[in-house]
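Rule-based calculations on the coordinates, nothing more; no lab input. What you are looking at is a predicted structure, and each value in this text was computed from that prediction instead of being measured. Quick reminder, even Gly has a Cβ in these numbers, built from the backbone with ideal geometry, and neighbours come from all protein chains shown.
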Amino acid sequence: MEFITNLGNLLAPITQPTYLLYTVASVFVGVYVGAIPGLSATMAASLLISFTFSWDILSAMAVMIGVHVGAVYGGSRSAILLNIPGAPAAIATSWDGYPLALKGQAGRAIGTTAVQSFIGGILGTIVMLVASPAVASVALKFTPRDYLLLALMGLMLVSSLGEGSTWRAIMGVGFGLFIGCIGMDASTGLQRFTFGNTYLMQGVSYITVMIGLFGMSEALMQMRDMRTEAVRQDVSKITPRLSDVFRYAPLTLQCSALGVFVGALPGTGGDIAALLAYDHAKRTVRRPEVPFGQGAMEGIVAPESANNASVPGGYIPLLTLGIPGDTVTAIILGALYIHGLHPGPLLMTQSADVFWFIIGTMFIANLALLACGLTGIKLFAKIVEIPKYILMPAIIILSVVGSYTVNNSVTDIYWMLGFGVIGYFLKLYHVPIGPIILGTILRSLIELNYRRGIAIAFYSVPDYIMGFFTHPLSLGLLIFLVFMIFSQSAVYKKWADGRAEARELRKRSRKAAKSGK
Amino acid sequence: MKGKKKFEMGEHSFLWGTLVVAIIFFAAAVMLYRAHPGVGGDAAFPVMAAFIMLLGAALSILEVRHWEPAHPERLSLAEKAVLAYRMLFPDKTLIMFLYVLLYALILGSLGFNIATFLYLFASMITLRPKNILRSGLIALGITAGIWLIFGVAFRVRLP
């Protein structure tokens, strides 16, 4: 009987037209909210919490989940078309998405992101359905040491982002980490590098840095040569071929699994998941059709499947433990409290209807995402065809609005403009800007968990270091990190290339032997 | 045999500039650490971050020590400055930089809508001087569009 009731709640978003309508409409709105720089899933969810205050809980959840799923995907559109990631989760998508748009393949790139986001979202929801308690219990075992190791793994991406010079990439990551330190320290309130200036006390938001370094600097770079015509976009092939979906399926599966797990870790979200997935793709895909950073489809497949898989992942600790995975789920936690619910281990028994309804809505939202994500692509792709003399100043205005909305502060606009100019010079002199963003994003995760970890070890460095070897999870992660570092060394690369060449030679000689027969 | 790599105009000075910035950051972090010592304190992480930047900047300079100069012939400082300027700000780039700076300055006093319209209009007629009326209408349309989407539909506060 209980099974039938739960199944009914799971299917409620389909069987009841009102919920279905709310979910589909909110996914549609979410896609376009995410696509506009300056509007984010967090902002939309916080607006909705007041808007849906008087609604019944299931309708409120349908709308909030729909917007969340849609907006995480939507961020990829502006990343591909304008090189301004609509959300931090779309940063990695811009690294290969924007080069594709410059080659006239924006439609193909957006179509691929829609399909991959859908697959990632569905796989994440399946994990949420069948393994919520198990994933949550593993995620809970993560200590500050393990979070630090995870963030350091994310930082390893720096070597693959430094096209040309690894040292310049390392300089960039150090710069990003340092920029993140400016402002009032969150735990002690100490002012760091603020010179007593109140405007500097709130620090530098990584969204501001991201918009400045990506959007603003790109617009300035494009203004260097106004003679080149806008690239005509090929919008004849938008939906990816089924054979392509199958070709990328192993990568999609791996990155979705990574995404759902990273999403389930409290304090991490789609941005970290997408960065780790991009790094994973760069390591594992040996021969992409186009090199990474120049329009590789794998560079879109990996982050997009991971960031949308991280959405249901973020709901796992929320529903099973009452701990939000990221900012949007923190707002949803507030919405649940407002409606008199107490997310946690008892939610599944005391409010089973809500629990199963959320999972059902997640499925429907991802199905709706596939439909909504494939709409308006032809129109959106035309944005890239707008003449430069109109598009570039408009991008600068969007960057201004986007940075202002972070804290409703004019200071953020100045920061953004400053980083835009810095980004312009960095690009001119071949200093990769990706590592700076990476450092700014990962700074809080690294610093917070380093300080927590060392405090737990009573500020004893030997005890802190020993912890990495005595705790099985930390040791496993440490070994993996060491392997990641080793795999980037010249020795390993030489060995791996030698093996690949030998394999190729064996294949050729086998073919030659066969044809000889 | 592979040819030697060549500097861009002003690249060497730029790398030295980044090293100077990294040294300043590192010194500032060390000063903070001396005021607030401790391996788990407020200043420990900034020291590590600044050290990473310093290391990267120093090794970036070492990496290019055998590169060929951007111009093989001996040039005076003034000639070098002119060449660097042309490389950094070709065409109307400097004017566009100045427009961005002016926009930031007038944004507070004129308000978002007027400042944005003026910036867009000035940028468009500078980048393409033909069709002034068309540029004006497009600038007006973009300003109105942004105001409608952000200010009206999503009730976002505009600067």
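Choose one of A:Asn9, A:Gly74, A:Leu48: the residue whose Cα lies farthest towards the positive end of the charge dipole of the range A:1-151 (beta-carbon charges +1 Lys, Arg; -1 Asp, Glu; about the Cα centre). Farthest towards the positive pole: A:Gly74. For the range B:1-60, the residue among B:Ser60, B:Gly40, B:Ala28 whose Cα projects farthest onto the positive side of the dipole built from Cβ charges is B:Ser60. Once the mean of 1/r is taken over each pair of separate Cα atoms and inverted, chain B shows a Kirkwood hydrodynamic radius of 20.6 Å.
What's the FRET efficiency of B:Val20 with A:His342 using the Cβ-Cβ distance as r and R₀ = 56 Å, to the nearest 0.05?
Working: r = 56 Å, r/R0 = 0.99.
Approximately 0.50, to the nearest 0.05.
Using a simple charge model, +1 on the beta-carbon of Lys and Arg, -1 on the beta-carbon of Asp and Glu, nothing else, what dipole does chain A show about its Cα centre, in debye to the nearest 20? Intermediate results must be reported in sequence, preceding the final value.
Values: 35 positive and 25 negative charges, 455 e Å.
Charge dipole, chain A, about its Cα centre: 2180 debye, nearest 20.
Only one residue of A:Phe480, A:Gly86, A:Tyr337 has its Cα farthest out toward the positive end of the dipole of the protein assembly as shown, where Lys and Arg carry +1 and Asp and Glu -1 on Cβ, and that residue is A:Phe480. Looking at the range A:450-517, the chymotrypsin sites (Phe, Trp or Tyr not before Pro) that sit in a DSSP loop and have at most 10 other Cβ atoms within 10 Å of their own Cβ are A:Phe458. Relative to the current alpha-carbon distance between A:Ile4 and A:Asp244, full extension at 0.36 nm per residue lengthens the span by 82.6 nm.
Once the Cα-Cα distance is subtracted from the 0.36 nm per residue extended length, the A:Val138 to A:Ala352 segment shows a gain of 74.8 nm. Summary value for the range A:286-335: 18 percent relative contact order, contacts being C-alpha pairs under 8 angstrom separated by 6+ residues.
Taking other Cβ atoms within 10 Å as a rough exposure proxy, A:Leu276, A:Leu478 sort from fewest to most as A:Leu478, A:Leu276.
Each Lys and Arg adds +1 at its Cβ and each Asp and Glu adds -1 at its Cβ; summed about the Cα centre, the range A:172-263 shows a dipole of about 200 debye.
Restrict the search to the range A:114-218; then list the chymotrypsin sites (Phe, Trp or Tyr not before Pro) that DSSP places in a loop and that have at most 14 other Cβ atoms within 10 Å of their Cβ. Sites meeting the loop and neighbour criteria: A:Phe195. Per-residue 3J(HN,Hα) values for the range B:52-63, derived from phi via the Karplus relation 6.51 cos²θ - 1.76 cosθ + 1.60 with θ = phi - 60°, read 4, 5, 4, 4, x, 5, 5, 6, 5, 6, 4, 4 Hz in sequence order (x marks Gly and Pro). For the range B:1-89, the set of trypsin sites (Lys or Arg not before Pro) satisfying both a DSSP loop assignment and a count of at most 10 other C-beta atoms within 10 Å is given as B:Lys2, B:Lys4, B:Arg65, B:Arg74. How would you classify the protein assembly as shown from its alpha-carbon gyration tensor, with a ≥ b ≥ c the square roots of the eigenvalues: rounded for a/c under 1.5, else prolate if a/b is greater than b/c, otherwise oblate? Rounded, because the longest to shortest axis ratio a/c is under 1.5. The order of A:Thr93, A:Thr405, A:Thr188, going from fewest to most other C-beta atoms within 10 Å of their C-beta, is A:Thr188, A:Thr405, A:Thr93. Semi-axes of the equivalent ellipsoid of the range A:8-139 are 28, 18, 14 Å, computed as sqrt(5λ) over the eigenvalues of the C-alpha gyration tensor in descending order.
Using the 10 angstrom Cβ neighbour count as an exposure proxy, how do A:Arg145, A:Arg241, A:Arg227 rank, fewest first? Provide the component values of the computation, followed by the final result.
Details: A:Arg145 24, A:Arg241 9, A:Arg227 6.
Fewest to most other Cβ atoms nearby, the residues stand as A:Arg227, A:Arg241, A:Arg145.
Our estimate of slack between A:Leu129 and A:Phe195, defined as 0.36 nm per intervening residue step minus the Cα-Cα distance, is 18.7 nm.
Sequence gap at least 6, Cα distance under 8 Å: using those rules, report the relative contact order of chain A to the nearest whole percent.
Details: 959 pairs, mean separation 138.6, N = 517.
Result for chain A is 27 percent.
In a simple Cβ point-charge model (Lys, Arg +1; Asp, Glu -1; nothing else charged), the range A:427-510 has a dipole of about 600 debye relative to its Cα centre. Checked against a 29 Å cut-off, the cross-linked pairs A:Lys427/B:Lys130; A:Lys282/A:Lys427; A:Lys141/A:Lys494; A:Lys103/A:Lys427; A:Lys382/A:Lys427; A:Lys282/B:Lys80 give Cα-Cα distances beyond that limit for A:Lys427/B:Lys130; A:Lys141/A:Lys494; A:Lys282/B:Lys80. Counting only DSSP H runs of at least 4 residues, each contributing -39500 (n - 2.57), and dividing by the residue count of the protein assembly as shown, the helix-based mean residue ellipticity at 222 nm comes to -24000 deg cm²/dmol.
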